[in-house]
Structure formats: C-alpha cells, structure tokens
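Contents: one structure, followed by commentary.
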Amino acid sequence: MSRTRRIPTGSIHLTGIVPHALVRAVRSVGLPGLLSLCVMLSPAVAQPDTEVLEARKPAVAQAEQLPWLESLPQAYQQAQQHGKPIFLRLEGKSCPYCKVLDEEIQKTVAQNELKRWMLVRLDVDQSPAAAQQMAVGPIPALRLLTPTGLVIESKDGAMAAGDLVEWLQEHYEAAAVIPEKALLATGAPDALDVIRLVKLFKKRDATLREAAIQRLLPYPDAAAPLVVNAFSEGPLASQLSALELLREWKAPVEGLDPWNPNSLSLERLQKLTGWLEQIDDTQETLVRKKLTPVELNSCSKMIDTMLTTTPEEARAVRERLARYGRLLLPEVTARLKSVETDQARERLTALRYRLVAPDRLVLEWPGGIDRLAATDVTVRHKAIDELSKRATSQEEELLLELFSDPAPLVREISLRTLTTVGGTSARKSLIQLLNDPEPNVRAAVLKQLAEKPSASIVPSIATYVEQEKDPDLVVHAVRFFREAKGNASAEALVKLFSHSSWRVRAEAAEAITKVVGRYSPQKTLHADIFMALIKLLDDEDSFVVSRAVDALAEADLVVAVEPLAKVAARHPELATSVIKALSHGEKQRVKSIPYLREFCRHKEAEVRAAAITGLCELTPKEVKEELRELLADPESSVRTAAANALFEILRFEKNPASVVSVGSPFSDAITRKLNSALANKTGATGSDTQKEDEENAPKTQTEDVPNQQHTRDYENRLQSIREGKFRAAWMFELVPLLESMLTQESVDEQLAGARALIGLGKDQHTIPRIQAILKSHPEHISSIASVLPWLLWDDRVQLFEEMIQVAPAPSDLYETVRRMAGPRDYRAVNAFWKLLTRQDMDAALAFMIIRNFRQIYFGKSYYDFDDYSTSTKKRVAADMVPHIQSSVFWQRTVALAVLLSVSREEAEKISESLLSEKSTSEPLREVAFHVYLVAQTKTQARNSAIKGLSEKSPALRKIALAYLSMGTQAVSSVMNNKLALEFNNPEDSLSQKWGLPIIPEAPDGLDPQLLKPLLNSDDLQTAAYAGYLLTLLDDPDGLPVLLDYWSYSREKDLRWTRLVFRAIAYKNEISQVPLLTSIYEQQIKPLGYYKSMTKEFYWTIRIMTGPDILALRKRIRDEIGMHRLR
C-alpha cells in the first residue's frame, strides 16, 4: 500500500506517490537521490530551493531542546491549565522528511517560538486513533490546535525553520483560544457573557458554536438583541448560528437565508427588530417531548450526511444533532443494528454518546467522545479510563449509555464510575438494567452494586432474585446482600437456603454470618436465622453443609452441639470442621466436652488432632489422659497437635496465688503483669532516684526502667519452674513422651515437643534441638521465637543472636523482636542495638525495634508517655545519645526517633547539630531535618522550613516545602513514611472549631522568589508544593502546576487533596468546581460526616462564590447535614 506525502519547501511543493519500498530505499540513495527520483516520477514539478537541501546540514546555532509530550489527552489537560495552544506533529520512523523537519525544529529561531506552545509528537503507527482523528494523510503532518482540541490550521510536509515560525506566529492568537467561562457556567448569563457567547458564533469549532447556542437558548430575553445584531451585521458563520437560535425562539425568520444576501431585505430585518420588543421575559423555552415527523426527517438526512462526509464536517453535524438529546437515541440505536462499515459504526456510536454527554464534558475533554466510540478496543479502554477520572454526576446518562459497549472492561469501568459519582439516581438506573436480556449486563450490574451497596435497594434486589432463573446471577445477588447487610438482607438470604441450586444455598450460608455476625444471636430475627442454619446441616449436599458448619462455628449455641456432632458421623470429611465449631464458647462448653473426648479416639488422625486441640482449650485441667494417650499416638500429626496444645496450656496456666497472683510469665498479658509486680517490688528499695520518681511522677505511674533486681527476680522465677514448681505434677509425667518427639523425622513434631519441654523447664537437652531446627529450617523462626521468654538470659540472648544470623529477611524478625522484649529485661536493649547493624536492615524492622525499646523501658510500646516520670525519660535520653553518635545509620536513626519521643528539647538540639555537621550523611541529614522540624514549636519550625528552602540539597528543600504546605503531619515520618516519628505534641491536642469559613493563608515571611525556581523542579511533588504555596501568595503560575501533579498522580493522597481544594478555594477558581465535585464524591463523602476532613472541605469552599459552588455546598448540606458540619 502506498502513502502520499507532500513536502512543502518554502513556497514550492513537491508531490508524489511514495511506495513503502521507495521509503525503505531512501536509506541507500539519500535525500538528493530521493528528490531526483520524485522528479522523474513527476517531471512537471518544480525543483526545490536550496533551503531545504541545506536543512540536511547540522544547524550552527541550536537552543536547548524543548520537551515534547507523547499523549494528546495529557496535552489537552496541560494546555488548558497553562493557557497554551498546541503544536502537534505526526510522523513516522521511516519518513525522511520527518528527519528534515526535526532538524529545522532544533534551530534556535524555531525553539524560541515553540516555547509558548504545548508541544506534542506522535508516531502515526503507534497512535492510529490520533492519526485518524487528525485526518492524517501525508507525513509529517502538522496541526495547530486550541487547548480544547480544535484544529485551527493544518500543514503536511517539512518546513524550513523560518517558514515554520512565520506559520506559527500567524495562527497563534486563533489557536490560543480557551473556552469562555461563560460556556461552563450555569444560570442566566449577564450582558458581558452574552457578548462573549455571541462572538463564538464565528468560530470554526462546531463544538464551541453549538455550546454557545445551547447556552443562550433558554434566555431569549437576555440574548435576543445581540443575536439579532449578529444575524444582521455579522459574518456568514455568525449569521448561520444566530439563525438557528432565532428559529428555536420562533422569531419571524421566514425567507431569510444568509447564503442569499438578497434575502436579507431591510423590510425583513425590520420585522425581526420589531419582534425584539414583543419578547416576554417570562416566555418559556420550547422543551421537546418528542420529535415531530418533520424534525425526525431532517435529523435522518443530517445523519446520512454525517456518515459520508469528511471527519471535520461529521463532527460539526454531530454537534448540531446533539441538541435533540435522548429524543434522537431510538433512531441512532436502530441504525446501529444494521450498520455495515467500521466508519459508520464509529460515527453513529459517537453520536449516540454525544446525545447524552453534557456540553461541559465535550468542551473540556476534546476528542474524548470519538475515542469512546473507536473500533479499536484499546483506544476505548484508555478513553473510559480517562472519563472515569473526570466524571461527575453530570455524566450519569453517558455512563449508562456506555454500558452498551461490547468490551467487558468498558462496561465495568463505566459502572464503577457511575456508582461512585451517580448517587441515588444512578442506583435506580442500574436496577432498571437488571431487566436487560443479556446475562453479562445483569452480572456486571450486580457486581457494581455489591462494591458500593445501599440498604435502600435491598428490597429491589430481593424482588429481582425471585424471578432470576440463572443461578450464577443469583450468586452475584447473594454477594450484594452480604455487603449491604441489615435485616432485609438477612431475610433475603434465609429464603435462599431452600434454593434449587447448591451453589446458591452454599453462598447464602456463607454470606449470612457477614450480615448478622458469627456469635450468639441477640435478637429474635438472628435466633431464627441460626435455627435456619442448623436446619441446613441436614442438606443433601456436603458442601452446603460445610458452609453451614462454618457459619455456626462461633455461634456458641447449645442447641447446635448435637446436630453438629451428627454431621461428623454423616460426613467424616467434615469432622475436623465440626470439632473446631464445638471447641469455642462458654455456653456450649459442657455439652461439647463429651463429644470432643469421643473424637479423641476417632479413627482419622486429622480428627484426633483437632479434638485434642479443642479439648485442651475447653478444659485445660482435665486432659491428662487424653494428652498421655495422644502424645503416644502412632501418627506424627496427632502427637504434634497434642504437644502444641500442651504448650498453650502452659502459656496460660495460672500460677499459685502465693506468687503475685499472676499467670505464667510467658504469654503477653501475663508477662506484663509479672513485670508490673517486679517493678513494684524493686521500686521499694529506697534509692534516691526512685524517691525522685515517686515525688515527680503522676499518680498513674507504676513502673521504672527495669534494673538488676528486677532481672534477678524474673530469672529466679524462671529457675523455679525448672525446679518443678508452679506446674501440675501430671505434666512432668509427659516429659518422656515429649523427649521422644525430639528424635522423630518430622520437623514440626520436633519443634512442638521442644516448645512444650521448654515450657516445663526441661531445656538442657532441648535447646540444641531448637538450634538445629533453626539452622536447617529458618522458615520456622516465628514459631521458635515463642520460646524466647521461657529461657534464662544466657540461653535467650544466644538463641536470639542465632535467629538474627539465619533470618532470611528483616520481616522474618518481627515476632522475634517482640518476644525478646516481652520479659522487659534491660539487657535486651544491647541485643537490639546489635541487630540494627544488620546489612539488610529496613525501616519497618527499625520501627518495630523502636516500639520494643519502649516496651522494655516503659512496659508498653505506644507513645503516650505523660504517665511516666521525668527521671525515667532522662534515663532513656541518656541511653540514646551515645548511639546517635554511632557510625551506623540505623542506630543513629532509631536513637534519634526514640529521643524525640522522650525529650523534644534534646532532640531539637542534637538534630540541629547533625544538620550543621558537614560529615553527616545525606540520608541521616534528611532524618535529622524531619526531627528538627517536629521537635520545634510551630513558629520555630516555620522559620526553619523557610530557611531550608535555600538548602542545596533537593531532598531538604522538599522536606521544607512539605512542612510549609501541610504542617507537622507531612514530616512526622521518614524513610518513605515507613518509620513514624511518634511523640507527644501539645499543639495537636487543640480541637478544631467548625462553623466559620476557612481562609487558607501562606506562612508568614515566605518569599515567593524562593519558590518560583522550584516550579520547574524535576521532582513533581517539589513543583506541586511550590505551586500550592505560590497560589496562596497570589502568583498565577502556581495553581496549574499543583493541578498538573494532582491530575497525573496515581494515588489520591488525602493530604494532597487538601492542598488542591484549599488552593482552588483561595483563588475562587470557579472553573474547577467540577473537580471539587469529583473530590467530594470520590474522596470526601466516603469518609463520612464524623471525619474532620469532611468539615474542613465544606468550610474551606465556603469562601468561594458563584452559582455552581453554591449548588455544591447545598448538596453537601443536604447529604451530610448542617448540624454535623458544625
């Protein structure tokens, strides 16, 4: 296939048919050879001048090359925000003249002109949809577009730099047109808006002309004089647009034809002028309820024209047809059923979508409707994804119409978007789609309704389920009921327990507990539901029974015990699940125990294993015989389960009352109690420090840093266990059985036996077995960690160090660190410092160590330290300072973070010192700057951040910008937000009072000259921060940069959301009300009324004016409630 290429060369054009083979041959013959060959093909053509031939030589002077975008949608977005027209070049890799053009564009004269254009460069083979949209033939193809996507001028072929600059300058003003705000506004236009709208009548862009007509149509009293004037005295384009409006207003325009100047007689124009005096300002605009035969015939002819004319004229016709809206949909839908060509299908589909698309969307999303209708499914996928990001409730009808698309992904995204932005009316529309004959449509609707369920439509879905014959679709409905919850959903699910499909019954049984909970029923309805579940245990299908067993597992119903036991007899494969159901709850405990004892003698090993586990949980003091029997079971899995069950008994077994009345020191809760008791005991020694603690600490303070006496007492109690105290005598009778497990083949069995032996104090020969398992099977490290609190110190620290060595990754040590800190042995602190030297240390494990430092020092891992004494905090601070001076980054970081939590003053001093030291590494400098800012008062931190804007380090400048933009929350974590800086900040405790408008303000003392250069930062967040702050300093360049980042950031962080709505509100940027609406619908509203962000959003946009923002605020008040916003 050949391609025609026209190569402009100054004022001379070279035209020829260039086959692909010839294009490939150019690499060997070069440009002169190609030109000669083209002349041979077309002898009459003129020879090109020397300017283009010279273009092959490198330019002498070149400017720094400007960036080119590779996406039209991105170009539209940025062009509208920056107010730049678009220069689009479409080219191909094998096109020699594209290389000629490229070298011309690189010249300084061209680069200087292109600075004021939004530049886009597309490959026609990689962007076929864009090539089709721009009607590309020969390449290179050059197009000048408005920021909204209107093609102002076109040229094909290479151009010399001077000619290109002249062409760009000639059409710059026409291309730089941005849609009038009057087009996007609502309500009656004022006089100035009418003038602006009438001026649009003469624009080439049919979208603009039609939008102006539709904007003025409801307001003849305000617009008619200027429209009549445009018809009488304007150019032809204005006359044609004005005539369309006048006809809609029933003005006397009979016989008037702008194409025939003679028809515009003075008498007829005077009659039109006289009509102006008769306009009634109360006159209602015609609202069509249906198309008349004449209108339908006219529309049909226009559609015929649209299907056969050029792409540009087809879009113009489509815009004229758009005024008929949904009334024309039946005609378009009927035609689509018999369409024969891809072009016709695309144009009809685009018309179908345009009929229901709001004018605002078409203006702000150029080319979007065409891409939604493209035959290329990839193009449609990208288009619907773009639409989903910009859609508001105004696009509800379009989203519903898109559901007719054959591509599943398009339907899915359109429905998901609809449920996000559409509200109640959208749900009603979706419910109507459940009557669609296509099962895939109904399934997609149910899926979307389940993602954002509403209790209000449960009755409608229940009615639908009663007549739905497809069990797969009923299963989708079950999932909706599961998410919607409530009594109505529960009743609908119970009805499905008797459905003919086993899948439906099983899904309903599984879903019911998500609706009413898994525990004992508290209401009559819930009791009826659980009785229905018990009845379902008799179902003929074992899978349905398994779902019912699972639903009853935690119900703790005495009446369910016997039916559950019978299930195990009828369905042996469900016995294990039945046993787990019988092993929970106090109410059914007495009745369940006999069944569990019986199951301990079951022929299946899996059942015996589950039975001993459940029995030990329900009656830990009365399992002697069963444990003795099952620890000697022939099956390894049973012995393993028995040993693990014994281990759990030992963890929670109560100590004799004479020993502090606390349980074993080896579960988390019991360890805390024992530590507290030991701390109380050592606190009575009478030392000066402890007296100071007692005098200075609040009344709730009961603990101090664990000292040597504390450690000795803890170790003594561990030793007592090893001497056979605090354990029932029968437990020690099990030791031989447990020891025999250490030599078995199964590693799980060895580990289970070892843990139980250590719990009994028999660790002399057990620790080597544990160490061997750790070395050969490091995947068991978390299970091995559970024995750490049971070991004497020397063994404990040795095993801990070995665990550090073999752990595959830092994440494998979380449980190890937590268990090591449990006993609150102060010596463990040094082990943690050593751990921080690990080469692959990461922020998550470092944060875990910080939490467990606090566990050791304070007895709890959280950061509310007001209950602890000053001397204790000083002790911690003194311990941290030497490690801040360490050479290990993670030691310094952790020490600095812990210091911040106990002494903001010391943290401020040391972090300031680190910042001033030239030897401080860049990563540590970043951590220190975070700490420095959060340790200071707000005023101090603000001044420090402003000073930080002059730092040479881009990272420190970014931290400073983040603080100035977002405050303390932006800098209260480090290492990509994986290590939180936790501290008490009195200023955070001040509650926000709502009820007054919030006026965003820039930080005092902030110089915009420090920010301006940062707008061009390569780091998009840095530029966005600068844009936000400049917006508050009344710099017009700030907001577009912030919105650029917002538009293209994948994650919509609420902190950035806050900056966006604050900046828009401050500028009173009415054109961004659709964006504010989208933010409300997709981010603010889902938060709920109780979140402060919801209130802040409302009271911030409260400072804005205009009918659109008033409508949004009214909607928020209606949906949230004014009393809640206050």
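The values are calculated or read from the model by the stated rules, or taken from the named source; none is laboratory data. Quick caveat, the model's predicted, so the values are computed rather than measured. So basically every Cβ, Gly included, is an ideal-geometry build from the backbone, and we count neighbours across all protein chains shown.
So here's what we get for this one:
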| item | result |
| --- | --- |
| Given (1) farther than 26 Å from Val787 by Cα; (2) surrounded by fewer than 23 Cβ atoms within 10 Å (Cβ to Cβ), number of the condition Leu552 does not satisfy | (2) |
| Positions within the stretch 563-577 being part of a helix (DSSP H, G or I) and farther than 24 Å from Leu646 by Cβ, in sequence order | Pro563, Leu564, Ala565, Lys566, Val567, Ala568, Ala569, Arg570, Pro572, Glu573, Leu574 |
| Filtered residues of the stretch 745-771 (kept if of a type in the set (Gly, Ala, Ser), surrounded by fewer than 20 Cβ atoms within 10 Å (Cβ to Cβ) and either farther than 13 Å from Ala641 by Cα or modelled with pLDDT under 95 (or both)) | none |
| Residues of the stretch 772-786 satisfying the condition of being over 39 Å from the mean Cα position of the chain (by Cα) and exposed (fewer than 15 other Cβ atoms within 10 Å of the Cβ) | Ala772, Lys775, Ser776 |
| Considering residues of the stretch 720-738 that are closer than 16 Å to Gln764 by Cα and under 54 Å from the mean Cα position of the chain (by Cα) only, the residue modelled with the lowest pLDDT | Ile721 |
| The stretch 197-215: number of residues that are assigned to a helix (DSSP H, G or I) and either of a type in the set (Phe, Trp, Tyr) or within 40 Å of the chain's Cα centre (by Cα) (or both) | 13 |
| Cβ-Cβ under 9 Å pairs, at least 6 apart or on other chains, the stretch 145-164 side in contact (Cβ under 8 Å) with a residue 24 or more places away in the chain and of a type in the set (Phe, Trp, Tyr), far side in a loop (DSSP other than H, G, I, E, B) and surrounded by 23 or more Cβ atoms within 10 Å (Cβ to Cβ) | none |
| Selected residue (criterion: nearest to Phe847 (Cα to Cα)) from residues of the stretch 787-821 that are outside any helix (DSSP H, G or I) and under 37 Å from the mean Cα position of the chain (by Cα) | Ala809 |
| Tally, over the stretch 339-369, of residues that are outside any helix (DSSP H, G or I) and at pLDDT 90 or above | 2 |
| Wholly within the stretch 887-970, helices (runs of 4 or more DSSP H) carrying at least 3 residues that are within 16 Å of Leu981 (Cα to Cα) and within 31 Å of the chain's Cα centre (by Cα) | 889-902, 922-935, 954-966 |
| Flag for Ser740 being exposed (fewer than 15 other Cβ atoms within 10 Å of the Cβ), in contact (Cβ under 8 Å) with a residue 24 or more places away in the chain, more than 20 Å from Glu802 (Cα to Cα) and of a type in the set (Gly, Ala, Ser) | no |
| Residues within the stretch 327-379 that are closer than 25 Å to Thr1077 by Cβ, touching a Lys or Arg at 6+ places or on another chain (Cβ under 9 Å) and among the basic types (Lys, Arg), tallied | 2 |
| Failed criterion for Asp556 (all others in (1) in a loop (DSSP other than H, G, I, E, B); (2) of a type outside the set (Gly, Ala, Ser); (3) at negative phi hold) | (3) |
| Of all residues making up the stretch 631-648, the number that are hydroxyl-bearing (Ser, Thr, Tyr) and surrounded by 21 or more Cβ atoms within 10 Å (Cβ to Cβ) | 1 |
| Identity of the residue in the stretch 1022-1037, at negative phi and assigned to a loop (DSSP other than H, G, I, E, B), that ends up nearest to the chain's Cα centre (by Cα) | Asp1037 |
| Residue count, the stretch 249-274 (criterion: in contact with a helix residue (DSSP H, G or I) (Cβ under 8 Å, 6 or more places away or on another chain) and either assigned to a helix (DSSP H, G or I) or not assigned by TED's automatic domain parsing to the domain that holds Phe231 (or both)) | 3 |
| Some residue of the stretch 243-252 being in contact (Cβ under 8 Å) with a residue 60 or more places away in the chain, of a type outside the set (D, E, K, R) and surrounded by 15 or more Cβ atoms within 10 Å (Cβ to Cβ) | no |
| The stretch 981-1007, subset under 14 Å from Tyr932 (Cα atoms) and of a type outside the set (D, E, K, R), residue modelled with the lowest pLDDT | Asn985 |
| Selection from the stretch 190-221 of residues that are closer than 25 Å to Leu361 by Cβ and among the small types (Gly, Ala, Ser) | Ala206, Ala211, Ala212 |
| Residues within the stretch 917-962 that are of a type in the set (Asp, Glu) and out of contact with any helix residue (DSSP H, G or I) (no Cβ under 8 Å at 6 or more places or on another chain), tallied | 1 |
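Let's see how each residue does on (1) of a type in the set (Lys, Arg); (2) crowded, with 19+ Cβ neighbours inside 10 Å; (3) part of a loop (DSSP other than H, G, I, E, B):
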site: Leu1043; (1), (2), (3): no, yes, no
site: Arg1055; (1), (2), (3): yes, no, no
site: Leu1059; (1), (2), (3): no, yes, no
site: Val1073; (1), (2), (3): no, yes, no
site: Thr1094; (1), (2), (3): no, yes, no
site: Ile1109; (1), (2), (3): no, yes, no
site: Arg1113; (1), (2), (3): yes, no, no
site: Asp1118; (1), (2), (3): no, no, no
site: His1123; (1), (2), (3): no, no, no
